[in-house]
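Q: Next up is a structure, given as structure tokens.
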Amino acid sequence: MENFNLMKESIIKKDYNIILIGFMGTGKTTVAECLSEMLQKKRVDTDNLIVKSEGMSINDIFKKYGEEYFRNCESRILAEIRSQNGLIVSCGGGAVLRDENIQLLKMNGKVVLLTAAPETIYKRLEKNKDRPLLSNNTNAEFIAGLMEKRTDKYVKAADIVINTDSKTVLEICDELIVKLAALD
Ligand code: S3P
């Protein structure tokens, strides 16, 4: 425990951003909330920042302007985040789709990939209507297919990988802190 507290203190002192990436429903926002409390660092969520700056929901942005427009908003927000330090950042699941996004984030950030099995994601998102890419497609097979297409990009971007299947948020945050400390 004492050892863990030392690791936590060492991470608190760092001024890099901690960037959470991963497929929809892997728990990026929930983990960011918990981590932000544990490490006393400010938290930002790229989807929230996009919603605020565009004045409409993610669903409406996709419907009105399409995915490419949303991706441009996402790249702009990530570039803004890159100029700040000491943040916990939860990214939208597609933030890794453009290589330049990841290059930017890695300049002053440690990238943490959260993973989960397609069945877990299906259970977590089954009743959720906020993911335009999953509307009409909320089933484990579709999720597995989209995840498969993205896996390379997620893994390439990651400094740390944490599987979240059947773990509590606290367990995930503890593991994250231990793994971050080990990067030094
Ligand atoms: C997306 C994930 C969503 C959101 C948008 C697109 C994706 O964020 O950015 O619906 O392409 O995977 P979450 O990962 O927070 O659900």
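Q: For A117 paired with R71, estimate the spin-label separation in nm (one decimal), with each label point 7 Å from Cα along the Cα-to-Cβ line.
A: Taking the two extended label points, one gets 3.1 nm.
Q: Please compute the net charge surrounding I121, taking Lys and Arg as +1 and Asp and Glu as -1 over other residues with Cβ under 15 Å from its Cβ.
A: +2
Q: Do the sum for the chain: with -39,500 (n - 2.57) for every DSSP H run of n ≥ 4, divided by all residues, what is the mean residue ellipticity at 222 nm, to the nearest 500 deg cm²/dmol?
A: Rounded to the nearest 500, the figure is -18000 deg cm²/dmol.
Q: Expressed as an acute angle from 0 to 90° and rounded to the nearest 10, what is the orientation of the C-alpha long axis of helix 2-13 relative to the principal long axis of the chain?
A: Helix 2-13 and the main axis of the chain meet at about 60 degrees.
Q: Here is a further query. Going Cα to Cα from K153, which lysines come in below 16 Å? Please leave out same-chain ones fewer than 8 positions away.
A: K106, K110
Q: How would the range 74-151 be classified by its alpha-carbon gyration tensor: rounded, prolate or oblate, with rounded meaning a/c under 1.5 and the a/b versus b/c comparison settling the rest?
A: prolate
Q: Follow-up question, since we're still on this one. How far is the Cα center of the range 1-30 from the Cα center of the range 153-184, in Å?
A: 8 Å
Q: Under 14 Å from the Cβ of D130, count the other residues' Cβ atoms, weight Lys and Arg +1, Asp and Glu -1, and hand me the total.
A: Summing Lys/Arg as +1 and Asp/Glu as -1 gives +2.
Q: Please give me the summed charge of the neighbours of T168: other residues whose Cβ is under 13 Å from its Cβ, Lys and Arg +1, Asp and Glu -1.
A: That sum, taken over residues with Cβ under 13 Å, equals -3.
Q: If you don't mind, another one. Efficiency by 1/(1 + (r/R0)^6): what FRET value for Q40 and E141, r their Cβ-Cβ distance, R0 = 41 Å, to the nearest 0.05?
A: It comes out at approximately 0.45.
Values in this text are rule-based calculations from the coordinates and carry no lab data. Predicted model only: the values in this text are computed from it and were never measured. Positions of Cβ are backbone-derived with ideal geometry, glycine not excepted, and every protein chain shown enters the neighbour counts.
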